[in-house]
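Report on one structure; see the data block that follows.
The values are calculated or read from the model by the stated rules, or taken from the named source; none is laboratory data. All values reported here derive from a predicted model rather than from experimental measurement. Here Cβ is always computed from backbone atoms with ideal geometry, including for glycine, and neighbour counts include all displayed protein chains. Side chains included, ligands, DNA and RNA excluded: accessible areas come from the protein's heavy atoms. Shrake-Rupley method; radii C 1.70, N 1.55, O 1.52, S 1.80 Å.
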Amino acid sequence: MRAQPRPTISVIGTGYLGATHAVCMAELGFEVLGVDIDANRIRQLSAGDTPFYEPGLAALLRSNLEAGRLSFTCSIAAAVDHADVHFVCVGTPQRPDSQAADLRHVDAVISGLIAAGLGPRSLVVGKSTVPVGTTARLAARIAAAAPGAELAWNPEFLREGFAVEDTLHPDRLVFGVTSGGRAEAVLRALYSRMIDASTPVIVTDYATAELVKVAANAFLATKISFINAMSEVCDATGGDVVELADALAHDDRIGPLFLRAGIGYGGGCLPKDVRAFQARARELGVGPALSFLGEVDAVNMRARARAVRLAHELLGGDPMNRAVAVLGAAFKPNSDDIRDSPALDVATALRRDGAHVAVYDPAAAANARDRHPNLHIADSVIGAVAGAEIVLVLTEWSEFRTLDPAALRRHVARPVVIDGRGVLDPDAWRGAGWTYRALGRPPRPATVRHHAPRHLAERPLPERPTSERPTSERHLHQGAGLHVVDKAAH
Ligand code: UDX
């Protein structure tokens, strides 16, 4: 018998954040109940299928279901009966009528927990990204309706595509707590494996914990928009933004990450978090402090428009009825997430302008087909580029980085490529006869090149076995007859 029984856990909301958190907490050995109002999603997860593509998640989901540590339900009352700690992982999307975050799902979870009789020893732990001040408001609701129950805020910093790795090996843990409560001790016990492995823990108040998350996302977005603003200046002056970023990155105070110029950031987090942070600052009377984030957003949206303009230019000014291939639909590689995807924004803009647009993505094809029936979604790179007059590489999947330009050239009508993510080797593509263009890079190679710019990539991806790759990706590698260029990887 254990002296201290391990707390049982519920994870409410089984999207990217919640499903990954539930699976990873089970992997850490806890008994976990995942809760969602979406019955389809609960059925899928219970059957061992992940409702979205996230490397490594499906295998851990299945092994923890089999081990009996993990189960799923639509009933929040079951969560209250079953668990001591309730993680709140529901979405906080942008409101349809303003830039602010829509908190209805978070409030509904708190109402549900209270209505189900949240007990006095319970701990509620928020992980969703919320406007500063939310936790204090929710804590007051809980204190009034469920005396003795506690609330903590423990923001999540996981990146899609690395969700399992980031959850099991976080950079830091942030606990927003009130003094004198049990929350810190419970959270330390839940995350003891990470803490024993020297993960830094920042224990702070509610407001600071909430701010860490939105400030981190605002900083990352600012870094990307900074280099994309430099890219605009490069376009006006003949400078090369890739060489500029490389030179900046040698300064340790600046560093190489998130300085990859291109069509900008997207996804379910950065765009809406940057906007919600500004909206909250205005409500708090400190709007001017964050007004620069309006520029960050504007630079980001301009990057997409610049890519569309460049495609027009390379098509001689008239995209009507021209065959355009878009490689990439997901907002980033190793994800099937198309929320606010810059790639699909560019693709749909060219479609609106009359082009025939064929899109290929190794994981996001089905989502793109559902949401954008007017785009032709191809099953392979070759299917997308066949007969194309221009190819746009808009998501930095490794299989696009490693395409052999000479082999690809045989399939297109005109060898013209826009590298929307700065991940192709311009010399290799030009050497194979392509017109290579990228935002912020001169149309012709620089006359003086002292060294090849190193790739400004994120933390490298763990290699995945072929069996874990989506079927379409396997098909491309095995069947399409394209040779890969090893040195271009990352
Ligand atoms: C982000 C944060 O990184 C994560 O900590 C937070 O928890 C959620 O939001 P994510 O949405 O998964 O994670 O995406 P991220 O890896 O940050 O990339 C965001 C976008 O920026 C992608 O569209 C990516 O292609 C783009 N990007 C990234 C660039 O355009 N340039 C870069 O240099 C880096």
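Quick notes on this one:
- Heavy atoms of the protein chains alone define the surface here; on that basis the stretch 255-413 has 35 Å² accessible area per residue at 1.4 Å probe size.
- Amide proton proximity set for A152, modelled H, under 5 Å, gap of 5+: V124, V125, G126
- Mean ellipticity per residue at 222 nm, deg cm²/dmol - from DSSP H runs of n ≥ 4 across the chain, formula -39500 (n - 2.57): -12500 deg cm²/dmol
- Karplus-derived 3J(HN,Hα), 6.51/-1.76/1.60, for each residue of the stretch 190-206, Hz, glycine and proline x: 5, 9, 4, 4, 5, 5, 5, 8, 6, 5, x, 10, 10, 9, 8, 7, 4
- Relative contact order of the chain, pairs being alpha-carbon contacts under 8 Å that are 6 or more residues apart, as %: 12
- Vicinal HN-Hα couplings computed from phi for the stretch 410-426 (Karplus, 6.51 cos²θ - 1.76 cosθ + 1.60; Hz; Gly/Pro x): 5, 9, 9, 7, 9, x, 10, 10, 9, 8, x, 10, x, 10, 8, 8, x
- Scalar couplings 3J(HN,Hα) for the stretch 351-362, obtained by applying the Karplus form with A = 6.51, B = -1.76, C = 1.60 to θ = phi - 60°, are 5, 4, 7, x, 6, 8, 9, 10, 10, 10, 9, x Hz; x denotes Gly and Pro.
- Cα gyration tensor category, rounded, prolate or oblate, for the stretch 1-83 with a/c compared to 1.5: oblate
- Compactness of the stretch 110-223, expressed as Rg and Dmax over alpha-carbon positions, Å: 14.6, 45
- Amide H to amide H distances under 5 Å link V326 with A358, V359, Y360, L392, where only residues 5 or more positions off or on other chains count and H is placed in the peptide plane.
- In this rough spin-label picture, where each label sits 7 Å from Cα along the Cβ direction, the V286-T178 distance is 2.2 nm.
- Rounded, prolate or oblate (a/c below 1.5 giving rounded, otherwise prolate when a/b exceeds b/c) for the stretch 300-415 by Cα gyration tensor: rounded
- Less than 5 angstrom separates the built amide H of V11 from those of L33, G34, V35, F87, all sequence-distant by 5 or more or on a different chain.
- The listed peptides 199-207, 170-178, ordered by packing as a protection proxy, come out as 170-178, 199-207 (highest mean of other Cβ atoms within 10 Å first).
- Residue ranges 187-195, 249-257 sort as 187-195, 249-257 when ordered by packing (mean number of other C-beta atoms within 10 Å per residue, highest first).
- In degrees, nearest ten, helix 292-314 long axis to first principal axis of the chain (Cα): 30
- Cα point-scatterer Debye curve for the chain, base-10 log of I(q)/I(0) at q = 0.06, 0.09, 0.11 Å⁻¹: -0.30, -0.66, -0.95
- Protection proxy ranking of 77-87, 318-328 - average other beta-carbon atoms within 10 Å, highest first: 318-328, 77-87
- FRET efficiency for R371 and A236, using Cβ-Cβ distance with R0 set to 25 Å, rounded to 0.05: 0.10
- Å² per residue, accessible surface of the stretch 109-173 at 1.4 Å: 33
- Apportionment of accessible area to carbon and sulfur, the chain, percent (1.4 Å): 55
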